[in-house]
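Taking it in order: structure first as structure tokens, then the write-up.
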């Protein structure tokens, strides 16, 4: 059974295992010692983090990172390919958006790459619109924001 669960420290190992598998599936390299080091200490680096599980297996993640008192960032939204097209990406994103609203953030931003067409369609359906570059992520070529 598929369930959306808030992160707890006992899930850390399963999250790292999931990320090490889902990154190559999407053509990316997972760098837990480098640019993806924030995932090694989820509680410290994100104000919210959720895992989508199928039984005991983590099959998707999403996070919210605080950038300022007003602005947060949608981070770590990943889902195994075999679960695409079932509304699970939307479920992950909506959990993060709802949480950000409840936390009092006024705006959510995200960065991504233009080849992630399914993700871009979802973000647009959820009300995200193109915005100016807000970080120095050289891998990203699309920047979007949503008023909460």
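Throughout, read-outs are computed from the coordinates displayed, never taken from laboratory work. These figures come from a predicted structure and were not determined experimentally. Glycine gets a Cβ as well: all are built from the backbone with ideal geometry, and neighbour counts include every protein chain shown.
If you average 1/r over every pair of different alpha-carbon atoms in the chain and take one over that average, what Kirkwood value in Å do you get? After inverting the pairwise mean of 1/r, the radius is 15.5 Å. Over the residues of the chain, the helix contribution to mean residue ellipticity at 222 nm works out to -8500 deg cm²/dmol, using -39500 (n - 2.57) for each DSSP H run of at least 4.
Taken along the Cα-to-beta-carbon direction at a fixed 7 Å, the label points for residue 125 and residue 38 span 2.5 nm. Using a Förster distance of 25 angstrom, determine the FRET efficiency expected from the C-beta separation of residue 26 and residue 103, and round it to 0.05. The pair residue 26/residue 103 has a calculated efficiency of 0.35. Tell me whether segment 1-41 comes out rounded, prolate or oblate; compute the Cα gyration tensor, take square roots of the eigenvalues as a ≥ b ≥ c, and use a/c under 1.5 as the rounded threshold. Taking the square roots of the gyration eigenvalues as a ≥ b ≥ c, segment 1-41 is oblate.
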